[in-house]
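Okay, so here's the structure we're looking at.
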Amino acid sequence: MIRSFFGLTRNPFDLRDLELLPGQQEIYDTLQVHGQQGGLCLLLGVPGTGKSVIKQALLRLPENQYLVATVARTLHTYTNTVKILCEAFRVEFDSSAFKCERRLIEQAFSLNHAGKCLTTILDDAHLMDLANLRKLRLLFEDFPKNHNLVLIGRPNLLATLDLGVNQDIKSRVTYSVLTKRLNPDAMRDFLRRELDRVGLGHNTFTQPAVDLIVRSADGVLRKARNLCVGCLIEAVRSSNRTIDIDNVNRVLMQPHWQKEVDLTDF
């Protein structure tokens, strides 16, 4: 609908096509180095600050040089997590987790000898049972030494790992980073760059509309992206190719954009 109305060939603010911002690029480059040297990396941040964008960039690495396995369903049992890893490493799953572990280790060494860099990503790692995480850590101990394990989660994962019982995991961390909220200027640069990427003029959003979006997003990329998409939909509905402050306010009137104190009369 948005593409048709504005005459575009690509979806604006599409997560799958987002380009890395400078700070995200630095994190991505560092994770790539650890993917070649091996390590245990922590990518932490509050929701919407760019962790998923970095993960998507890692998943786009060329398959002839990298194997990037991702486990997004971290609330699973250990056996089901191993099953997901078998799918990612293209290993036939066996009902016995022990047999699967042996096959995964053999496949990891086979891929490593073929010259591939191996990275395993555990998304929402702060939700994972630490007993399962410990079992996975022991499994990956038998992987090639240049295998990289990346834990993506919220900052409270660091506090959990700081507990004495979890020092065996924390002591193996080789790199950790917090994704931060964007300052207003960086957020404006992000909006302009996304408009450039799909071929929309900067004047598609009026300056007051941009200022309101930046204030409302509060430095969170996901909020800015969702708010801009909502504004574009409102523009299509009103058959207006320019998004002004009224379009933004109509989106901000939706309950999920309002603070709890604003909803007391509902």
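The values are calculated or read from the model by the stated rules, or taken from the named source; none is laboratory data. Given the structure is predicted, the values throughout are model-derived calculations rather than measurements. Cβ sites come from the backbone with ideal geometry, for glycine too, and all protein chains shown count toward neighbours. All accessible areas refer to the heavy atoms of the entire protein, side chains included, with ligands and DNA or RNA removed. Shrake-Rupley method; radii C 1.70, N 1.55, O 1.52, S 1.80 Å.
Could you identify the single residue in Val165, Val91 that is open to solvent by 10 Å² or more (accessible area, probe 1.4 Å), touching a Lys or Arg at 6+ places or on another chain (Cβ under 6 Å) and either farther than 19 Å from Gly45 by Cβ or not in a helix (DSSP H, G or I) (or both)?
The match here is Val91.
Tell me, yes or no, whether segment 169-179 has at least one residue that is assigned to a helix (DSSP H, G or I) and either more than 25 Å from Asn11 (Cβ to Cβ) or open to solvent by less than 40 Å² (accessible area, probe 1.4 Å) (or both).
Yes, because at least one residue in segment 169-179 is assigned to a helix (DSSP H, G or I) and either more than 25 Å from Asn11 (Cβ to Cβ) or open to solvent by less than 40 Å² (accessible area, probe 1.4 Å) (or both).
Exactly one of these conditions fails for Met187: (1) of a type in the set (A, V, I, L, M); (2) out of contact with any Gly (no Cβ under 6 Å at 6 or more places or on another chain); (3) within 30 Å of Val210 (Cα to Cα); (4) surrounded by fewer than 17 Cβ atoms within 10 Å (Cβ to Cβ). Give me its number.
Met187 satisfies all of (1) of a type in the set (A, V, I, L, M); (2) out of contact with any Gly (no Cβ under 6 Å at 6 or more places or on another chain); (3) within 30 Å of Val210 (Cα to Cα); (4) surrounded by fewer than 17 Cβ atoms within 10 Å (Cβ to Cβ) except (4).
Residues to consider are Ala235, Ala209; find the one that is in contact (Cβ under 8 Å) with a residue 60 or more places away in the chain, surrounded by 13 or more Cβ atoms within 10 Å (Cβ to Cβ), touching a strand residue (DSSP E or B) at 6+ places or on another chain (Cβ under 8 Å) and of a type in the set (Gly, Ala, Ser).
Ala235
What residue, of Asp244, Asp211, is of a type outside the set (Ser, Thr, Tyr) and touching a Pro at 6+ places or on another chain (Cβ under 8 Å)?
After ruling out the rest, the residue left standing is Asp244.
With Arg134, Arg103 as the choices, which residue is touching a residue at least 12 places away in the same chain (Cβ under 8 Å), open to solvent by 10 Å² or more (accessible area, probe 1.4 Å), under 16 Å from Leu42 (Cα atoms) and not hydrophobic (A, V, I, L, M, F, W, C)?
Arg134
Checking Glu19 against (1) open to solvent by 20 Å² or more (accessible area, probe 1.4 Å); (2) more than 15 Å from the chain's Cα centre (by Cα), only one condition comes out false. Which one?
The number of the failed condition is (2).
Would you tally the residues in segment 55-88 being farther than 26 Å from Ala114 by Cα and either free of Cβ contacts under 8 Å to residues at least 40 places away in the same chain or not hydroxyl-bearing (Ser, Thr, Tyr) (or both)?
6
Of these, Gly219, Gly199, Gly230, which one is crowded, with 17+ Cβ neighbours inside 10 Å and on the phi > 0 side of the Ramachandran plot?
Gly219
Within segment 44-59, is there a residue that is in contact with a Ser or Thr (Cβ under 8 Å, 6 or more places away or on another chain), more than 27 Å from Leu20 (Cβ to Cβ), assigned to a helix (DSSP H, G or I) and open to solvent by less than 30 Å² (accessible area, probe 1.4 Å)?
No.
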